[in-house]
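A short worksheet on the structure shown next.
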Amino acid sequence: MVRTRFAPSPTGHLHIGGLRTAIFNYFFAKANNGEFILRIEDTDKERSKDEYTRAILEGLKWCSIDWDDICYQSKREAIYEKYLNFLFEKGLAYKCYCSKERLEKLKKEQLEKGENPHYDGHCRNLKEEYSDKPYVVRIKLPKEDIDFKDYVHGDMHFSYKEFDDFIIRRSDGSFMYNFTNVVDDIECGITHVIRGDDHLTNTAKQIVLYRLFEKEPPEYAHVPMILGEDKTRLSKRHGAKSVLEYKEFGILPDALVNYLIRLGWSYGDKEIFTKDELIKYFNLENLNKSAAVFNPDKLLWVNEEYIKSYSPKELLKYLKDFLDDSCKSFSDDYLSKAIETMQARAKTLVELADGMMFYCVEPKDYEEKGAKKYLKESVKEPMKFLLDKLKEADFENEESLKKAFEETMEKFEIKMVKIAQPVRIGLTGRSAAPGIYEMLMILGKDESIKRIEKVIDAIPFKSS
Ligand code: GLU
Ligand code: ZN
């Protein structure tokens, strides 16, 4: 059975890159009827914070990246001890008592000789143990080269000479990342590791550990980093935000997931995927070899597509966080109808919520440019006539509303825009808005009449 994991360190917020890694692992597991495990790598007590763990969980939940199981490395000390003892018993690890000074001197000498700094194995064969001296634990690095196959990078080869007897436990007793990561992947039965290619060298070291533990390593896919538009690694400088900031920004979680999965993976030139399609199509073969560039405009485009495709009821669930309090007194039915008239033209939920405010509160003022253009003295009489007709019209019936407009156009021999635009401005405050009849029908007779009376009073428009 396929088992993947996402293994964030809670030393910062969940960012786009981390979320993408989680998404790849999640869909690969689901595509293979497998399981997706969340592992919080919180062994670094100084830098790990509960608030980051909470934010990571919240970000993943918001995106519906649900885990089948979760574990915390900080609670797995005993398991790491067990694996460490295995290495001691087999004579594959040893305590190193070298002082900082000795290691610094060694490094300096090696650099002077033009060598890469590496530990010289000084404590490898020490006979005695010192109970009063601090020590780190190192592995005995086997003199064997390291080869593995990567779904993205192909055949990887590392000479053992690139490594030394690396540390697996620090002098304060805490375990190193490569050690706990491998132990947990073994214990959790992880079959595929999908992560950023900044971990390639770690993978070589981890494969050494699998050998020492006499276990088979999982399969690997190391995905290229996400770059900013200037082709440097995506960072805060590019305005890269924590995942939850995209929520505040009015991005739909499914749109973000869809955008991110395409950032480094493709399926022909298909752009929009349902979750079911992703579960069906996601594979490791189609991961891109070159780095992906984060493009905020494309994210907005994907978001727009999602906003268009959702049912108004569904959108409303997400929109509630963005709607002004004045909308709270309206029924879901009313708000859904309002959404339906607006959802084709919004890039974000913020935009959508702002745009449909007029359905809940009457406009405070009129957009200057439109008002100047359309609220002219010459339309005052036609507008009064239209108002009378509308007072008699049936607002549940589009034909009846149409008739009121048509009669006005005929009587004054004017075009629709002459009266439609002042009505639009009266209802919404703006000259660009949804269709006249649908707005009138949703707002209803009383509210519409009230707003049209008000706009007639404002004719001719004088800017303040
Ligand atoms: N905690 C590591 C990180 O956040 C995990 C890397 C891995 O997936 O093995 O980079
Ligand atoms: Zn030593």
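With +1 on each Lys and Arg Cβ and -1 on each Asp and Glu Cβ, how big is the dipole of the stretch 336-445 about its Cα centre, in debye rounded to the nearest 20?
It comes to approximately 420 debye.
So if I restrict to the alpha-carbon atoms in the chain, what is the Rg, and what is Dmax, the biggest pairwise distance, in Å?
32.0, 110
Which pairs, out of K90/K215; K75/K161; K308/K402, put more than 24 Å between their alpha-carbon atoms?
Pairs exceeding the cut-off: K75/K161; K308/K402.
Taking a ≥ b ≥ c as the square roots of the Cα gyration tensor eigenvalues, with a/c under 1.5 meaning rounded and otherwise prolate when a/b beats b/c, else oblate, which class fits the stretch 18-67?
prolate
Need the list of aspartates and glutamates near K376 for cross-linking: C-alpha distance under 12 angstrom, and skip anything on the same chain fewer than eight residues off.
Hits, sequence-local ones excluded: D457.
About the Cα centre of the chain, how large is the charge dipole given +1 on each Lys and Arg Cβ and -1 on each Asp and Glu Cβ? Please answer in debye to the nearest 20. Don't jump to the answer; show the numbers that get you there.
Numbers: 76 positive and 83 negative charges, 189 e Å.
It comes to approximately 900 debye.
Among DSSP beta bridges whose residues both lie in the chain, state the antiparallel percentage, nearest 5.
Antiparallel: roughly 50 percent of the beta bridges in the chain.
Where does the chain land at 222 nm, in deg cm²/dmol rounded to the nearest 500, when only DSSP H runs of n ≥ 4 count, each adding -39500 (n - 2.57), divided by all residues? Working shown, then result.
Working: 19 runs with 211 residues, N = 464.
Calculated at 222 nm, the ellipticity per residue is -14000 deg cm²/dmol.
Net charge near E35, counting Lys/Arg +1 and Asp/Glu -1 over other residues with Cβ under 13 Å of its Cβ?
+1
Give me Rg over Rh for the stretch 318-464, both radii from the alpha carbons and Rh done the Kirkwood way, two decimal places.
0.97
Starting from the 7 Å offset along Cα-to-Cβ, what nm value, one decimal, do you get for the label separation of K231 and L126?
5.0 nm
If you take every residue apart from A393 with its C-beta less than 12 Å away from the C-beta of A393, what net charge results, scoring Lys and Arg +1 and Asp and Glu -1?
Details: positive: K389, K391, K402, K403, K445; negative: D388, E392, D394, E396, E398, E399, E406, E407.
Here the charged neighbours net out to -3.
Quick test of your reading: applying the under-4.7 Å Cβ rule, which cysteines of the chain are isolated?
Among the cysteines of the chain, those whose Cβ sits 4.7 Å or more from every other are C63, C71, C98, C188.
Quick one, what does Rg over Rh come out to for the stretch 100-151 if you take C-alpha atoms and the Kirkwood Rh?
1.08
Report, in listed order, any pair from K337/K384; K108/K140; K391/K445; K140/K205; K364/K403 with a Cα-Cα distance greater than 18 Å.
The answer is K337/K384; K108/K140; K364/K403.
Give, as a single signed number, the net charge of other residues whose beta carbon lies under 14 Å from the beta carbon of F86, with Lys and Arg counted +1 and Asp and Glu -1.
Charge balance in the 14 Å sphere: +2.
Only bridges with both residues in the stretch 107-248 count here: give the DSSP antiparallel percent, nearest 5.
60 percent
Give, as ranges by residue number, the residues of the stretch 96-123 whose backbone N falls under 12 Å from the point 7 Å along Cα→Cβ of T11.
The answer is none, because no backbone nitrogen lies closer than 12 Å to the label point.
Over the stretch 16-137, what is the relative contact order in percent, taking alpha-carbon pairs closer than 8 angstrom and at least six residues apart?
Contact order relative to length: 22 percent.
Extent of the stretch 91-210 along each principal axis, from alpha carbon coordinates, in Å, largest to smallest?
So the extents along the principal axes, rounded to whole Å, are 45, 36, 23.
Checking the cross-link filter: which aspartates and glutamates have an alpha carbon closer than 20 Å to that of K347, excluding same-chain neighbours under 8 positions apart?
E245, E248, D254, E271, D297, E304, E305, E314, D321, D324
Provide the FRET efficiency to the nearest 0.05 for the F330-K82 pair, computing r from the beta carbons and using R0 = 51 Å.
Result of the calculation: an efficiency of 0.25.
Among D66, D42, D269, what's the order by accessible area (1.4 angstrom probe), most exposed first?
D269, D66, D42
How big is the stretch 310-399 along each principal axis, measuring the range of its Cα positions in Å and listing the largest first?
Its Cα atoms span 44, 32, 23 Å along the three principal axes.
On the protein heavy atoms, probe 1.4 angstrom, tell me the percent of accessible surface of the stretch 334-426 carried by carbon and sulfur.
C and S fraction of accessible area: 48 percent.
Pairs K82/K280; K313/K372; K149/K231: which exceed 30 Å Cα-Cα? Could you put the intermediate results ahead of the total?
Numbers: K82/K280 40 Å; K313/K372 37 Å; K149/K231 27 Å.
Cα-Cα > 30 Å for K82/K280; K313/K372; rest within.
Roughly what would the spin-label model give for E89 and E162, points 7 Å off Cα along C-beta, in nm?
Placing both labels 7 Å along Cα→Cβ, they lie 3.3 nm apart.
Taking a quarter of the surface of the Cα convex hull of the stretch 182-260, what do you get in nm²? Don't skip to the answer; put the middle values down first.
Working: hull surface 27.9 nm².
If you wrap the Cα atoms of the stretch 182-260 in a convex hull and average its projections, you get 7.0 nm².
Taking amide hydrogens as modeled 1.01 Å from N in the peptide plane, which residues meet the under 5 Å criterion relative to R5, leaving out close sequence neighbours?
When sequence neighbours closer than 5 places are left aside, the close amide H contacts are I37, I194.
Please give the contour-minus-distance gain from S378 to E305: 0.36 nm per residue of separation, less the Cα-Cα distance, rounded to one decimal in nm.
So the extension gain works out to 22.1 nm.
Taking the Cα-to-Cβ direction at K411 and at S266 and moving 7 Å from each Cα, how far apart do the two end points lie in nm?
Inter-label distance under the simple model: 6.1 nm.
Can you compute the FRET efficiency between A291 and D147 using 1/(1 + (r/R0)^6), with r the Cβ-Cβ distance and R0 = 22 Å? Round to the nearest 0.05.
0.35
The values are calculated or read from the model by the stated rules, or taken from the named source; none is laboratory data. In this text the structure is predicted, and so the values were computed from the model without any measurement. When we count neighbours, we look across all protein chains shown, and the Cβ atoms used for this are built from the backbone with ideal geometry, even at glycine. Ligands, DNA and RNA are stripped out before the accessible areas are found, and what is left, the full protein with its side chains, is counted by its heavy atoms. Shrake-Rupley method; radii C 1.70, N 1.55, O 1.52, S 1.80 Å.
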